[in-house]
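A.B. asks: I have a structure I would like to understand better, so I am pasting it below and will then ask my questions one at a time.
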Amino acid sequence: MPTRIRIETPTLVMDATLNDSPTAQAIARALPLEAEANLWGDEIYFSIPVSMPLDEWAKDLVHAGDVGYWPTGKAFCIFFGPTPISAPGEIRPASAVNIVGKVCGDPAHFKAVKDGDLVRVVTAT
């Protein structure tokens, strides 16, 4: 069963839904999470206390609003636009990510988040 989460920063609150993948379930069990945002182009990422391998659905290209897990950095990722290695019209993570969910609403709102902002991820009520 999908898990509804809330992503909170100093400038916005956005809900998202985690899917039923083993990686998403591991993230749901680790909630609440809190860390400083790292920005890489139009991607927010931060390390979390979850260690999972790439799954069979891992992606090298993602969509705006995708929520991912980057096994290389043990990081939670929110994609809202191109990264420094994206070609025109694509969103490319540093390396493959497990897609664990989707933002509910316009992911462009994440452009308001600054590098170092506190990000909190909790179960939505």
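A.B. asks: Within the range 10-23, identify whether any single residue is touching a Phe, Trp or Tyr at 6+ places or on another chain (Cβ under 7 Å) and part of a strand (DSSP E or B), and answer yes or no.
C.D. replies: Checked against the condition, which is being touching a Phe, Trp or Tyr at 6+ places or on another chain (Cβ under 7 Å) and part of a strand (DSSP E or B), the range 10-23 yields no hits at all.
A.B. asks: Go through Ala75, Ala58 for me and flag whichever is under 16 Å from Glu34 (Cα atoms) and either among the hydrophobic types (A, V, I, L, M, F, W, C) or in contact with a Phe, Trp or Tyr (Cβ under 9 Å, 6 or more places away or on another chain) (or both).
C.D. replies: After applying the criteria, what remains is Ala75.
A.B. asks: Additional query: Taking strands (runs of 3 or more DSSP E) that fall entirely within the range 44-125, which contain at least 1 residues that are modelled with pLDDT of 95 or more and surrounded by fewer than 19 Cβ atoms within 10 Å (Cβ to Cβ)?
C.D. replies: Output list reads 98-104, 118-123.
A.B. asks: Moving on. Show the residue pairs meeting these rules: Cβ distance below 9 Å; 6+ apart or different chains; first residue within the range 65-77 and closer than 16 Å to Val113 by Cα; second residue assigned to a strand (DSSP E or B) and hydroxyl-bearing (Ser, Thr, Tyr).
C.D. replies: Taking only residues 6 or more apart or on different chains, the pairs are Val67/Thr17; Phe76/Tyr45; Phe76/Ser47; Phe76/Tyr69; Cys77/Tyr45; Cys77/Tyr69.
A.B. asks: Further, regarding this structure: For the range 21-29, state whether one or more residues are of a type in the set (D, E, K, R) and under 12 Å from the mean Cα position of the chain (by Cα).
C.D. replies: no
The values are calculated or read from the model by the stated rules, or taken from the named source; none is laboratory data. All figures in this text were calculated on a predicted structure; none of them were measured in a lab. Every residue, glycine among them, receives a Cβ derived from its backbone with ideal geometry; neighbour counts consider all protein chains shown.
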